[in-house]
1. Which of the residues that make up region A:170-181 are open to solvent by 10 Å² or more (accessible area, probe 1.4 Å) and either of a type in the set (S, T, N, Q) or within 19 Å of residue A:252 (Cα to Cα) (or both)?
2. Would you pick out the residues in region A:149-169 that are open to solvent by 10 Å² or more (accessible area, probe 1.4 Å) and either touching a Gly at 6+ places or on another chain (Cβ under 9 Å) or of a type in the set (A, V, I, L, M, F, W, C) (or both)?
3. Could you tell me which of the residues A:214, A:189 is open to solvent by less than 20 Å² (accessible area, probe 1.4 Å) and not β-branched (Val, Ile, Thr)?
4. Would you confirm whether or not region B:288-297 contains a residue that is over 19 Å from residue B:226 (Cβ atoms), away from chain A (no Cβ under 12 Å), of a type in the set (A, V, I, L, M) and in contact with a Gly (Cβ under 8 Å, 6 or more places away or on another chain)?
5. Which condition number does residue B:76 fail, the rest of (1) within 18 Å of residue B:171 (Cβ to Cβ); (2) more than 11 Å from every other protein chain (Cβ to nearest Cβ); (3) touching a strand residue (DSSP E or B) at 6+ places or on another chain (Cβ under 8 Å); (4) crowded, with 21+ Cβ neighbours inside 10 Å being met?
6. Would you confirm, using the coordinates I've provided, whether residue B:261 is among the charged types (D, E, K, R) and either outside the structural domain of residue B:316 (by TED's automatic domain parsing) or within 23 Å of residue B:316 (Cβ to Cβ) (or both)?
7. Filter region A:67-122 down to residues that are of a type outside the set (Asp, Glu) and in a loop (DSSP other than H, G, I, E, B), then give me how many there are.
8. For region A:364-386, which residues satisfy the criterion of being at pLDDT below 70 and either open to solvent by less than 40 Å² (accessible area, probe 1.4 Å) or more than 9 Å from chain B (Cβ to nearest Cβ) (or both)?
Amino acid sequence: MTVDSTAGAPTTAPAHGSPADAGPPELVQLLTPEGERVDHPAYSLETTPEELRSIYRDLVLVRRFDSEATSLQRQGELGLWASLLGQEAAQVGSGRAMRPTDYAFPTYREHGVAWCKGVDPLNLLGMFRGVNHGGWDPNEKNFHLYTIVIGSQTLHATGYAMGITKDGADDAVIAYFGDGASSQGDVSEAFTFASVYQAPVVFFCQNNQWAISEPTEKQTRVPLYQRASGFGFPGVRVDGNDVLACLAVTRWALDHARTGQGPVLIEAFTYRMGAHTTSDDPTRYRIAEELESWKLKDPIERLKAYLVREGWADSAFLESVEAESEQLARRVREGVRTMPDPDPSSIFENVYAEGHALVDEEREGYLAYASSFVGAAAEITDGEDD
Amino acid sequence: MAQLTYRDAVRRGIAQEMRRDERVVLIGEDVAAAGGVFKTTPGLLEEFGPRRVLDAPISEQAILGAAMGAAMTGLRPIAEIMFSDFLAVCWDMVANEIAKTRYMTDGQVSLPLVIRTANGGGLRFGGQHSQSVENWAMAVPGLKVVLPATPADLIGLLAAAVRDPDPVLVLEPKALYPVRGEVPDGELLDTLGRARVLRTGGDATLVAVGAMVPRAVTAAERMAEQGVGCTVVDLRSLVPLDVRTLLDAVAGTGRLFTVEENPRLCGWGAEIASIVAEEAFPALRGPIVRITTPHIPLPSADTLEDLARPSVSRITDTVLKALG
């Protein structure tokens, strides 16, 4: 789908099936990989140097705590980590496009969006350590818990969007998902529902080219953003490593949605620089040159180049962000290492709203059993067979 | 005789059937190029090629729906659902379509397909990646449900499942993937619906499946040191169920304990208890006791998950207390 340069709204011209890699001509970009600021007729963006520095800070801090989390997993402090490396711009750009009252439904990799929504990184790490299921209040942060089952959250987001229109709110919703999830029936059904109900939801697909070991070609034969036209709503492909383009396009899409014009699909074209998770080894299935070519499109380097060239960031600023990121990494590291183990009896909490006779009985049984040991719970969790 | 891990046995079992019968194909997410997220299928793409080993889009309904259609054409698909929890994403295909096709076509359409999936806890994967779903599956008429607990059983039962005329769900306990076991050389072919008595004792009968089998055995060994003799039965298959072996084992001890990884309500042990109460009531010397995960979603913290799943200590303590 192309974009109408006068009205700022995409046309409804049907997309023709073209290979999934025929992207570049249709890619919305405001900041080139070399850090050159370019204009796009449909997606203008006014920014102040201060705002740009703030965006830069977000990108750096998010990358730093992500890399710290990977290290913590390697040191045995986390059970697993799903790195966002390479996707900082897509997440921070779209995350910052939201108003505080706009609601986001993330996958398990949206650490940058979580950051923009004010979720403490330690909450994310607690979840990957296994000591909680997130720990933040989704209603307070307007950020749902991470959804692990692929694609489900697109339907939750659609229903949430349908719900808030009944409140008369002019909020909008973002459903995050990936290229792999686009093959889930849930996502197609979410597109259908959102379209026919004019739900104020933006489908934000981070096409990071890989679903664990499977390249995007295993999921689709047309560029993903073109799928929207078949459902009757606009689709836009944006340079997912360009934080300014992601910000501008998402802001436009959210406004489109909140003003009653229905959903938008944004395909943020990016790259998963790391493994799917720390349990994965991408060297088994993808070639190093691909990774190298994407390094040249790094989302942080291009913004840094732009800031420096314009004289909006001096070495003192860059060093202060660096120092702040190290401080964050330290806080995260110490916070994770000192997280208390959860109380064993907590496994019986919140199974039902008002308790359940069987669960209550099981809790009492466990407590009595646990208290019969000198070392309490540690003694009964010996699971030595595996 | 070789020592194989459970995950290597999966690969060997699939390869055995694919070499034997060119109608056997494998489809699933990340099964080909990556060799499976649990490394259960490495080398199969290289040996059998992309026409028979297919990386699928992340479309569980399509994986099982297509497996059904492929089976109708005479293929014998082995479809992998990465985690058994994701069966919930495609349960329509399992419960409404695949399991009912023979019945609703008056026996004219057979679906000789296998659904393989990593089941159960032990890896700290949390409530949506650790469930033991055997009791969901047991409740669907038309479906066979198998839980091999050893590498050799996995190969033999998988082969039997591939050759079976009905759809078979093979639940692989993911906690056991790294566990080694002895595997005889040559082709292995087992029989669905035969339990195995792993040891005999006179005081209590422990019945288990999957990852609970080695725990029940260890518990029995510990109790033997204290002079309490346990018979341990690995059911291996829940549908069909080897009722004869079960009843004989209960008759030999008069006490029945089920060791179940699934949450308590409607776990498979409830069905076992019901059968034993109906068929062997006079043989019972005391109440049937079920040792299960509580009726809770499985937590991901290591301490909490260990607490929730039946441990060797809990099995031992429960049995000894019940025996008085």
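1. A:170, A:171
2. Within region A:149-169, A:149, A:150, A:155, A:162, A:164, A:165, A:169 meet the criteria.
3. When all the criteria are applied, what remains is A:214.
4. No - not one qualifying residue is present in region B:288-297.
5. All conditions pass for residue B:76, except number (1).
6. For residue B:261, the condition - among the charged types (D, E, K, R) and either outside the structural domain of residue B:316 (by TED's automatic domain parsing) or within 23 Å of residue B:316 (Cβ to Cβ) (or both) - is met.
7. Here the count works out to 23.
8. Those that are at pLDDT below 70 and either open to solvent by less than 40 Å² (accessible area, probe 1.4 Å) or more than 9 Å from chain B (Cβ to nearest Cβ) (or both): A:375, A:376, A:377, A:380, A:381, A:383, A:385.
The values are calculated or read from the model by the stated rules, or taken from the named source; none is laboratory data. If you're wondering where the values come from, they're calculated on a predicted model, not measured in any experiment. Don't worry about glycine lacking a Cβ; one is built from the backbone with ideal geometry, like all the others, and counts go over all protein chains shown. Surface areas here come from the heavy atoms of the whole protein model, side chains and all, with no ligands, DNA or RNA. Shrake-Rupley method; radii C 1.70, N 1.55, O 1.52, S 1.80 Å.
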